[in-house]
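Colleague: Input: one structure, supplied below.
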Amino acid sequence: AYLAEVSGSPPAADLPTWTARPSVGTKPLMRVLCAVACFAAADVAANQGNPIRRVVSMLQSMQEKIEAEAERDDALFAKFQCYCDKNSALTSESIKTGKAKIEQLESDIPEEQAQRTQTITELQQHKDDRAGANQAIEDGTSQRKKENKAFEEEAADIKANTAAIDQAVQAISKGMTGFLQTAQAKTVLAVLDKVDVMEDDKAAVKAFFQSGSSADLPASGEIVGILKTMSDEMNKRLDEITHNEQESLSNFNGLVAAKNKEIRAAQDAIEEKTERAGQLAVHITVLKNDLEETKSTLEEDEGYSAELAKNCETKAKEYDEI
């Protein structure tokens, strides 16, 4: 009965229900024996033929029965006390474990939240790095296109001018006066203002081309020399811008390679940090749920422990008063 009342479930099959009975040697027992003795004496007086032994036998039988029941009750109460002690110890250990777990969880949750915040910050930085590298490639590509366009235009202009000059040199060397009236001759005159030659040489070439004649051989030979010098200077310029173009292209390719490497590294970091942030978010949720469940369990354990202690103490006092 004690176990059923404290634990909320029926007592074990092998534990009889304990009820308070007087123990041997107590005042209630003495009063019972006296009453039985008086009854037996009266019975003897009414029946003079019955021996006193009958009374003694009755008293001995009653005493043995009471002693047996007292021993049975003592054994049951001892089991009840064992139940109280065992469950009290188990509950106390559960409460201790619960409190320690709550303390650990309340420490772990903020720590993991801080880790997730840091991971998200790093994730954003990697995204910014990737965007910056892509922007650098985009800007570099735009600049490369401008530089290449300028090179192609200047190189084409130089090639056209040197071709016109070479034709002029061949025509003048062969005494072909008709060349002076061609479009190539006009091109040569236009080039004079673009190349770095002495003003006297420029004036001589202009005068020669405007004269319309190449019969003056010494003059034509001088003009051929000036034109070859102009062609050489323009070819040097072509070599220079070609070298610059190749160097610029090499630098651009190096930039693209470096930035693509940064992009790959940033992408790997982004994937890693994204996964880590997700894992932390899930784990934080698990920890929070665990904390709530542990608090609920602790509250139940503390309530059960208090009720158990109260009931065990009450029943112990009732047994001591018997």
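The values are calculated or read from the model by the stated rules, or taken from the named source; none is laboratory data. On a predicted model such as this, the values are computed, not experimentally measured, just so you know. Reconstructed Cβ throughout: ideal geometry from the backbone, glycine too, with neighbour counts over all protein chains shown. Side chains included, ligands, DNA and RNA excluded: accessible areas come from the protein's heavy atoms. Shrake-Rupley method; radii C 1.70, N 1.55, O 1.52, S 1.80 Å.
Colleague: Given 0.36 nm per residue, what is the gain on full extension from LYS310 to SER107 after removing their alpha carbon distance, in nm?
Modeller: 69.7 nm
Colleague: Keeping all protein chains in place, calculate the accessible area per residue for the range 205-322 (probe 1.4 angstrom), answer in Å².
Modeller: On a per-residue basis, 62 Å².
Colleague: Quick check: at a probe of 1.4 Å, how many percent of the accessible area of the range 231-322 sits on carbon and sulfur atoms?
Modeller: Accessible surface attributable to carbon and sulfur in the range 231-322 totals 49 percent.
Colleague: Applying a 10 Å radius around every beta-carbon, put 151-163, 240-252 in order of their mean neighbour count, most first.
Modeller: Answer by packing, highest mean first, reads 151-163, 240-252.
Colleague: Rounded to whole Å and sorted largest first, what semi-axes of the equivalent ellipsoid does the C-alpha gyration tensor of the range 191-281 yield via the square root of 5 times each eigenvalue?
Modeller: Values: eigenvalues 834, 20, 12 Å².
Working through the eigenvalues yields semi-axes of 65, 10, 8 Å.
Colleague: Now for a different question. Take the range 239-316, compute every pairwise Cα distance, and split them into 10 Å bins from 0; I just need the percent in each bin.
Modeller: The calculated distribution, bin by bin, is 15, 16, 13, 12, 11, 9, 8, 6, 5, 3, 1, 0.
Colleague: Right, another one. I'd like the FRET efficiency for GLU300 and ASP85, computed as 1/(1 + (r/R0)^6) with the beta carbon distance as r and R0 of 35 Å, rounded to 0.05.
Modeller: For GLU300 and ASP85, the calculated efficiency is 0.95.
Colleague: Local charge sum around LYS202 (other residues, Cβ-Cβ under 12 Å, Lys/Arg +1, Asp/Glu -1)?
Modeller: On the way: positive: LYS194, LYS206; negative: ASP193, ASP196, GLU199, ASP200, ASP201.
Charge balance in the 12 Å sphere: -3.
Colleague: For the range 253-287 and the range 74-128, what is the separation of their Cα centres, given in Å?
Modeller: About 34 Å separates the Cα centre of the range 253-287 from the one of the range 74-128.
Colleague: Please compute the modelled spin-label separation between GLN115 and VAL286, points set 7 Å along Cα→Cβ, answer in nm with one decimal.
Modeller: 1.1 nm
Colleague: Lysines within cross-link reach of LYS149: Cα-Cα under 17 Å, excluding same-chain residues under 8 positions apart?
Modeller: Those lysines meeting the cut-off are LYS159.
Colleague: Something else: Assuming R0 = 35 Å, what is the FRET efficiency of ASN251 and THR274, from their Cβ-Cβ distance, to the nearest 0.05? Mind dumping the intermediate values first?
Modeller: Values: r = 34 Å, r/R0 = 0.97.
After rounding, the FRET efficiency stands at 0.55.
Colleague: Once you have a ≥ b ≥ c as the square roots of the Cα gyration tensor eigenvalues for the range 61-215, tell me rounded if a/c is under 1.5, and otherwise prolate or oblate according to whether a/b is larger than b/c.
Modeller: It comes out prolate by the Cα gyration axes.
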